Each structure stands twice: as C-alpha cells, then as structure tokens.
Amino acid sequence: MDDFEKHLAEKMRDPAFRAEWESLQPALAVAQAMIDAREQSGMTQQQLAQKTGIAQGDISKLEQGSANPSVRTLQRLARGMGMTLKIEFQPNAAR
C-alpha cells in the first residue's frame, strides 16, 4: 500500500470525509471515461476540439473534473470521437 492509499484509508474513517469523497466519485468517473474514450479513439484534446467545436481548454477542464458537462456536451464529444453516449443507473452494491 503506498502513502496515498494509507492516507486515504485513514481519512475514510471520518464519516464526513467519506461522504464527500463518495459524492465526488460519479464526476470523477465521467472525467475518466472521457479520457479513456478520447485515448481509445486515438485523438488529442486539440483534435477533438477541432472536430466538435468545443474549445480545447474546455475539454481539458472536463477531463480534469473541474467542469460539469451537460448531457448535450457529452453527446457532442461522443459523436466527435465516433462513439455514442451511454448513461446507466445501477443498483447500489449494498442492496
């Protein structure tokens, strides 16, 4: 276990921290999915920007998780990468 994982495990014992961490996970998953899809399509942020008309800086912010994309923006990005957007709801693991 590296230092970050040790630190995170310690912090996760705090219920307030855990709740905040868990609330951020969906946004981080969207950002990671965008990065993975762009890399899978073999495109740079600049190429995707040219194809979609979305500024490269905005794509960067989305991938960093510092901006919250609309469904419309996600659809534009997916089309620009030759993909379709799929959003799904899944049951909680605790059920």
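The values are calculated or read from the model by the stated rules, or taken from the named source; none is laboratory data. Keep in mind the model is a prediction, meaning the values are calculated, not measured. Here the Cβ is made from the backbone with ideal geometry for all residues, glycine too, and neighbour counts use every protein chain on show. To get the accessible areas, we keep the full protein, side chains included, count just its heavy atoms, and leave off ligands, DNA and RNA. Shrake-Rupley method; radii C 1.70, N 1.55, O 1.52, S 1.80 Å.
For the range 15-66, give the magnitude of the charge dipole about the Cα centre (Cβ charges: +1 Lys/Arg, -1 Asp/Glu; no others), in debye to the nearest 20.
Values: 4 positive and 6 negative charges, 25 e Å.
Value, rounded to 20: 120 debye.
Computed from the C-beta positions of HIS7 and GLN56 and an R0 of 22 Å, the FRET efficiency is 0.10 to the nearest 0.05.
Only one residue of SER60, PRO91, GLN50 has its Cα farthest out toward the positive end of the dipole of the chain, where Lys and Arg carry +1 and Asp and Glu -1 on Cβ, and that residue is GLN50.
Based only on Cα atoms, what Rg/Rh ratio does the range 1-92 have, Rh being taken as Kirkwood's radius? Don't skip to the answer; put the middle values down first.
Numbers: Rg = 15.9 Å, Rh = 14.8 Å.
For the range 1-92, the value is 1.07.
Each of PHE17, ALA37, SER70 was placed along the dipole of the chain (beta-carbon charges, centred on the mean Cα), and the one lying farthest toward the positive end is SER70. Around the Cα centre of the chain, unit charges on the Cβ atoms of Lys, Arg, Asp and Glu (plus for the first two, minus for the last two) sum to a dipole of about 520 debye.
What part of the accessible area of the chain, given as a whole %, is carbon or sulfur when the probe is 1.4 angstrom? Walk me through the numbers before you get to the answer.
Working: 3720 of 7260 Å².
The computed percentage sits at 51.
The listed residues ILE87, ILE35 rank as ILE87, ILE35 when sorted by accessible area, largest first, using a 1.4 Å probe. Each listed q (0.13, 0.19 Å⁻¹) maps to a log10 I(q)/I(0) for the range 42-94 from the Debye sum over equal C-alpha point scatterers, namely -0.36, -0.66.
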